[in-house]
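Working notes, structure below.
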Amino acid sequence: MRHLIGINDLSSAEIDELIAVALDIIDNPKKYSEKCRGKKLATLFFEPSTRTRLSFEAAMYELGGNVLGFSEANSSSAAKGESVADTAKMISCYADIIAMRHPKEGAPLVASMNASIPVVNAGDGGHNHPTQTLADLLTIKRKKGRFDNLTVGFCGDLKFGRTVHSLIEALSRYTGIKLVLISPEELKLPDYIKNDVIKKHGMDYIETNDLVEAMPNLDILYMTRVQKERFFNEEDYLRLKDSYILTPSKLTNAKDDLCIMHPLPRVNEISVSVDNDPRACYFVQALNGKYMRMALILKLLGIE
Ligand code: NCD
């Protein structure tokens, strides 16, 4: 039985295979519409979500399966004090696969150690978000056609942004990747990722706080929301929340084939006036998430 807790639970060959299946789903949706008949996905969301939960659910419905679950901790027995381990054991009796989001880092790992069905981490605190990374990789593949030799700018909350952590981990397996880490001092990428991922794999990287200066070199600009829910005090959040706001004028010196990504939700960090720029990829990125989650569900359920 396989789980997806961190992106490194998948080999590069398996990521390629998931992308191939997702692309086939896009071309031949009917072929997949009965594949999960009789199967149930449980979405256990202890933290708010729109895209991740609903795209998991849409993915299962489009595969002909069913969905059960909860979308806030207060409506589950967690509110009565039930442990994640017990919840995972219980849900294993009711469903065939679990997607879990939790504010505590490591909670989906604990669930996977106690469940008798596959568990997918749908975001754990400020740690990892591997299925967003699958959406991101399909977006890069469709827009750029490759994963090698790309200059990728990550901008905003690199400290708490779990999507950033997981995508950097995924990119570390490709060659010729240059990372441009753009953030205020207080929201820099954590040392553990710099040491255990970037330096360990000898990745090329620079850190800066200047988005406009970095812009001309970028093939991909990955904007992020300042993660309000992870701050210990409101004052710091208010001071940092608008550190970067991408506007059309800041794109003046950007490449014509820049790919602007954002895991969403967006607050202020991308002006809506950027949405019609052909380089804006963030809404198609959300759609790609559904296809990759379909491919992942098939893989973890062992369905051809
Ligand atoms: C992200 C998350 O939950 O980490 N959202 C998502 O899943 N698409 C990013 C965010 O909340 O800022």
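Every read-out reported here was derived from the displayed coordinates using simple, explicitly stated rules and does not represent laboratory data. Computed from a predicted structure; not experimentally measured. Cβ placement follows ideal geometry from the backbone for every residue including glycine, while neighbour counts extend to all protein chains displayed.
Quick look at the numbers
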| read-out | value |
| --- | --- |
| Angle in degrees between helix 12-27 and the longest Cα principal axis of the chain, rounded to the nearest 10 | 80 |
| Fully extended contour minus Cα-Cα distance, from Leu54 to Glu34, at 0.36 nm per residue | 5.3 nm |
| The chain, dipole about Cα centre (Lys/Arg Cβ +1, Asp/Glu Cβ -1), debye to the nearest 20 | 700 |
| Fraction of beta bridges assigned by DSSP in the chain that are antiparallel (%, nearest 5) | 5 |
| GNM result for the chain, Cα springs below 10 Å: residue of Val226, Val84, Val267 fluctuating most strongly | Val267 |
| Proximal charge balance of Gly161 [Cβ under 10 Å; K/R count +1, D/E count -1] | +3 |
| Ranked by how many other beta carbons lie within 10 Å on average, peptides 11-24, 140-153 from highest | 140-153, 11-24 |
| Partners for Lys39 among lysines (Cα-Cα distance below 16 Å; same-chain residues under 8 apart left out) | Lys299 |
| Highest to lowest packing among 54-63, 239-248, scored as the average C-beta count within 10 Å | 54-63, 239-248 |
| Distance between region 257-304 and region 46-64 - C-alpha centres, whole angstrom | 14 |
| Sum of side-chain charges, Pro103 neighbourhood, beta-carbon under 13 Å (Lys, Arg +1; Asp, Glu -1) | 0 |
| For Lys255, distant residues with modelled amide H under 5 Å away | Leu218 |
| Only Lys, Arg (+1) and Asp, Glu (-1) charged, at Cβ; region 143-277 dipole about Cα centre in debye | 440 |
| Calculated FRET value between Ser271 and Lys89, using beta carbons and R₀ = 35 Å, to 0.05 | 0.15 |
| Listed peptides 128-134, 196-202, 166-172 by packing density, highest first (mean Cβ within 10 Å) | 128-134, 166-172, 196-202 |
| GNM result for the chain, Cα springs below 10 Å: residue of Asn209, Asn217, Asn253 fluctuating most strongly | Asn253 |
| Structure-based [θ]222 nm, the chain - -39500 (n - 2.57) summed over DSSP H runs of at least 4, per residue, nearest 500 | -10000 deg cm²/dmol |
